[in-house]
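Data block below; observations after.
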Amino acid sequence: MRLENTGIENESLELDRLIVIMEDLGFVLAGQWDYERVTFDRKFESKDDTFYLRVQGYAQEGDIGGKHAVIQLLPPLLGKHYYPHGVEYGEGETFPNNIVSTSKSLLAQAKEQIEKIK
């Protein structure tokens, strides 16, 4: 599920600052980057299912490996994990209301922190 109008899509900021913001909110970078793209994941576990809130971005300037890049953020995604196939982000997926509201709250907090450093 694509989370639209969160306020963080199209934001740009330096990678080192983005890492601090996202890690403070419980997101993990975990080596999920290449020299042009970066992905942060936040895992949610419920009784029977696992969900991931994913925030992706790409380097507008610089090199992600050097941590001096300026990152342009993309619309966040909420997905459901299916073992052993992986995470599905399709619109046909259903998500518990508490996962959706927590995801939106985390994204609002990220937006607030990004605005503070601008």
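What follows draws every value from the coordinates through simple rules; no lab data is involved. Small disclaimer: the values here were computed from a predicted structure and weren't measured. Note that we place each Cβ from the backbone using ideal geometry, even for glycine, and neighbour counts take in every protein chain shown.
Quick notes
- In this simple spin-label model, placing a label point 7 Å from the Cα along the Cα-to-Cβ direction at both Gln72 and Thr94 gives a separation of 3.8 nm.
- Mean-position separation - Cα centroids, region 66-99 and region 1-62, in angstrom: 9
- Reported label for calculated Cα extents along the principal axes in Å given (i) 51, 21, 17; (ii) 40, 30, 29; (iii) 40, 29, 23: (iii)
- Computed from Cα atoms, the angle from the helix 15-24 axis to the main principal axis of the chain rounds to 40 degrees.
- Sorted ascending by nearby beta carbons within 10 Å, beginning with the fewest, Tyr52, Tyr82 become Tyr82, Tyr52.
- Relative contact order, percent, the chain [alpha-carbon distance under 8 Å, six or more residues apart]: 31
- Exposure proxy shown here: for Ser105, Ser12, the number of other Cβ atoms within 10 Å sets the order, fewest to most, as Ser105, Ser12.
- Under-17-angstrom lysine pairs by C-alpha in the chain, whenever the two are 8 or more apart or on separate chains: 4
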